[in-house]
């Protein structure tokens with residue numbers, strides 16, 4: 001039997017890599033998109049013709065119930081969320097409804113349809129917030145520090161409640177930073193990789209950066225969607241912290257990116273204090289031991305290989321005109 005997977009947020013970075021993985025495994029992949037955003041399916045490139053689009057307003061409970069009833073999915077991956085965390089301060093209520101509201105409505109739709117659908121909720125390491133211990137695992141207390149994190153935590157607990165009260169097969173991946181060439185330029189990894197490529201080609205001279213000593217647990221998105229899929233293939237629904245378990249500084253990121261193009265970053269990177277973030281004092285780094293033990297999952301792409309992958313893709317894009325130097329002026 002061909003399995004059907006419903007994906008919200010299908011046109012984002014994770015939606016792309018998850019669709020690719022599921023299509024390779026023979027799934028029927030259906031993306032839930034608001035009617036006014038159906039054209040965004042083009043972001044999937046060659047995959048756009050291999051997935052189905054179901055037009056539905058994610059804020060409409062009745063419409064979501066119909067979508068679930070008509071598609072009869074074996075698996076649902078709820079990835080819908082604003083992609084850039086700082087933006088959540090501009091619209092806290094909209095962020096809450098998109099993240100928590102969508103999760104709640106989808107879970108209710110599954111329960112109402114009486115299906116044995118397995119449900120994946122995209123949680124985030126941002127939920128840990130101002131941590132007092134490192135690394136973090138599934139037992140670490142949550143202390144969210146922004147509207148995005150608070151909404152993710154609400155959705156996470158809503159999922160847990162549906163699992164406990166109604167017996168749904170529902171689980172979440174508490175994912176740490178995961179990157180790819182499909183990251184928008186406002187993310188620091190893509191910003192640096194794009195700048196290194198542009199400077200190499202003579203399209204730019206320097207790049208302004210914030211705190212070079214800030215550290216992150218950075219992994220490859222293609223590896224992390226594998227963890228999502230494995231969670232829904234398990235015998236028991238559980239929550240997992242998904243990360244590399246390694247911290248790398250922004251300085252290491254800059255060094256790796258510029259080494260890929262044979263340039264000395266110290267002459268190209270300008271530190272700008274106004275770009276420092278107020279929340280850099282805490283260190284989010286995963287202890288993925290549970291995922292390694294239970295799911296037999298481990299990241300396959302190293303930090304250095306990830307950065308090289310991103311820089312080479314941006315070199316290609318700039319050289320063939322897929323993107324222009326104007327992309328470098330994207331807000332930081």
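The values are calculated or read from the model by the stated rules, or taken from the named source; none is laboratory data. Since the structure is predicted, the reported quantities are computational estimates derived from the model, not experimental observations. Every residue, glycine as well, gets a Cβ built from its backbone with ideal geometry; the counts of neighbours run over all protein chains shown.
Quick notes on this one:
- Residue check, residue 238 closer than 30 Å to residue 168 by Cα and within 23 Å of the chain's Cα centre (by Cα): yes
- A search for C-beta distances below 6 Å between a residue of the stretch 312-329 that is assigned by TED's automatic domain parsing to the domain that holds residue 262 and assigned to a loop (DSSP other than H, G, I, E, B) and any residue that is crowded, with 16+ Cβ neighbours inside 10 Å and at pLDDT 95 or above, counting only pairs 6+ apart in sequence or on different chains, returns 323/317.
- Within the stretch 71-86, tally of residues that are more than 19 Å from residue 225 (Cβ to Cβ) and either touching a strand residue (DSSP E or B) at 6+ places or on another chain (Cβ under 6 Å) or free of Cβ contacts under 8 Å to residues at least 12 places away in the same chain (or both): 1
- Scanning the stretch 127-149 for residues that are modelled with pLDDT of 95 or more and in a helix (DSSP H, G or I) turns up just one, 127.
- Selection within the stretch 220-244 - in a loop (DSSP other than H, G, I, E, B) and in contact with a helix residue (DSSP H, G or I) (Cβ under 8 Å, 6 or more places away or on another chain): 234, 237, 238, 239, 243, 244
- Residues being touching a helix residue (DSSP H, G or I) at 6+ places or on another chain (Cβ under 6 Å) and farther than 30 Å from residue 235 by Cα - total across the stretch 90-119: 3
- Residue pairs meeting the criteria (Cβ under 7 Å; at least 6 apart or on separate chains; first in a loop (DSSP other than H, G, I, E, B), in the stretch 255-269; second surrounded by fewer than 18 Cβ atoms within 10 Å (Cβ to Cβ)): 268/206
- For residue 230, the requirement of being modelled with pLDDT of 95 or more, under 22 Å from residue 12 (Cβ atoms) and surrounded by 15 or more Cβ atoms within 10 Å (Cβ to Cβ) is met.
- Complete set of residues in the stretch 265-294 that are surrounded by 10 or more Cβ atoms within 10 Å (Cβ to Cβ), under 30 Å from residue 240 (Cα atoms) and at pLDDT below 90: 277, 279, 280, 282, 283
- Residue list for the stretch 139-156, restricted to those being touching a helix residue (DSSP H, G or I) at 6+ places or on another chain (Cβ under 9 Å) and surrounded by fewer than 20 Cβ atoms within 10 Å (Cβ to Cβ): 142, 143, 144, 145, 146, 154
- Scanning the stretch 160-196 for residues that are touching a helix residue (DSSP H, G or I) at 6+ places or on another chain (Cβ under 6 Å) and part of a helix (DSSP H, G or I) turns up 162, 166, 192, 193, 194, 196.
- Any hit, the stretch 200-219, residues being assigned to a helix (DSSP H, G or I) and in contact (Cβ under 8 Å) with a residue 24 or more places away in the chain: yes
- Criterion applied to 213, 235 was being within 30 Å of residue 166 (Cβ to Cβ) and either surrounded by 19 or more Cβ atoms within 10 Å (Cβ to Cβ) or outside the structural domain of residue 9 (by TED's automatic domain parsing) (or both), and the one residue passing it is 235.
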